[in-house]
Each structure stands twice: as C-alpha cells, then as structure tokens.
Amino acid sequence: YTDVEWNFASREDDAIVLCVNVSRPLAQTVEAEVSLFGYRTDRPFVEMPKLRISLGELNYKVMDGQQRLDNNTAKVTYRNKSISLHVPLSDLGNPDRILIAAKTSRAQVPFDWVAWRILNLSADQPTR
C-alpha cells in the first residue's frame, strides 16, 4: 500500500511546479499518476490539454487524452519518497486555472488518491 499527498504547488516563471509525497518509494509494480487539466475562460474546456503523468519506479510517461507526448513535456525529479514535476504552462494551453489530482495504484487497483484541487493562476490571485 502506498499513500500519496500534495507537498506543494507553485508557479515558476512560465511553468507550474508540483511536488507529491508518497509513503514509500515507488516499487516495480506500483504507479503514481498526476493529472493536470488546463482551464481558460475564453476557450472551451474540451479543447484544453488534459495531461496525465504516469510515474513508475524509474521512468514516466506523459499523455494528453489517449495521445502519448514527448517526455520533455514534463521534467520529473525523483527524490526517495518525493516526486517533483515541472510542466510548462504552454503545454497546458496557457491556462487561467489548473485542475490537479494524484493517485497511486498497482495493476489498476487503486491504493490512494487526493481530491481534485484548483490552482488559480490569475495575476491577482495567489497560487494555492
């Protein structure tokens, strides 16, 4: 069993940086997944990128819906039980807001998940 929780989310220049903590390092059969959905008031939600970053023990893959993206879309750093993700805002459609969620699983059997959060990127609102 592997728990997952948010450590922090921040905006760094033109990117969003997320950090999740897991209760133990990811094992060969345990996967974590972070979802990031961009939202803009001037664009239909269905047209916005919806990224899923699947994190394995030693590697990761980035998907937008059913399409696999280049792993350079996100920069992932593993530090024992902490995983940091750096995603350019342009790859999320330069959103006003980002919906984020995370979960852990083994062979599609869910272990743990954190509720969806909304990050407001407007200049007059702090990122939470």
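The values are calculated or read from the model by the stated rules, or taken from the named source; none is laboratory data. Because the structure is predicted, anything quoted here is derived from the model rather than measured. All Cβ positions, glycine included, derive from the backbone under ideal geometry; neighbour counts span all protein chains shown. For accessibility, only protein heavy atoms count, side chains too; no ligands or nucleic acids. Shrake-Rupley method; radii C 1.70, N 1.55, O 1.52, S 1.80 Å.
The residue pairs whose first member lies in region 26-54 and is without any contact (Cβ under 8 Å) to a residue 24 or more places away in the chain and open to solvent by less than 20 Å² (accessible area, probe 1.4 Å), whose second member is in a strand (DSSP E or B) and basic (Lys, Arg), and whose beta carbons are closer than 7 Å, counting only pairs six or more residues apart or on different chains, are Ser54/Lys61.
Filtering region 28-71 to residues that are of a type in the set (Val, Ile, Thr), in contact with a Lys or Arg (Cβ under 8 Å, 6 or more places away or on another chain) and more than 19 Å from Val109 (Cα to Cα) leaves only Val62.
Yes/no per residue for (1) within 18 Å of Asp112 (Cβ to Cβ); (2) out of contact with any Asp or Glu (no Cβ under 7 Å at 6 or more places or on another chain); (3) at pLDDT 95 or above; (4) in a strand (DSSP E or B):
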| site | (1), (2), (3), (4) |
| --- | --- |
| Trp6 | yes, yes, no, yes |
| Leu18 | yes, yes, yes, yes |
| Asn21 | yes, no, no, yes |
| Ala27 | yes, no, no, no |
| Val34 | yes, yes, yes, yes |
| Arg43 | no, yes, yes, no |
| Arg68 | no, yes, yes, yes |
| His86 | no, yes, yes, yes |
| Asn94 | no, yes, yes, no |
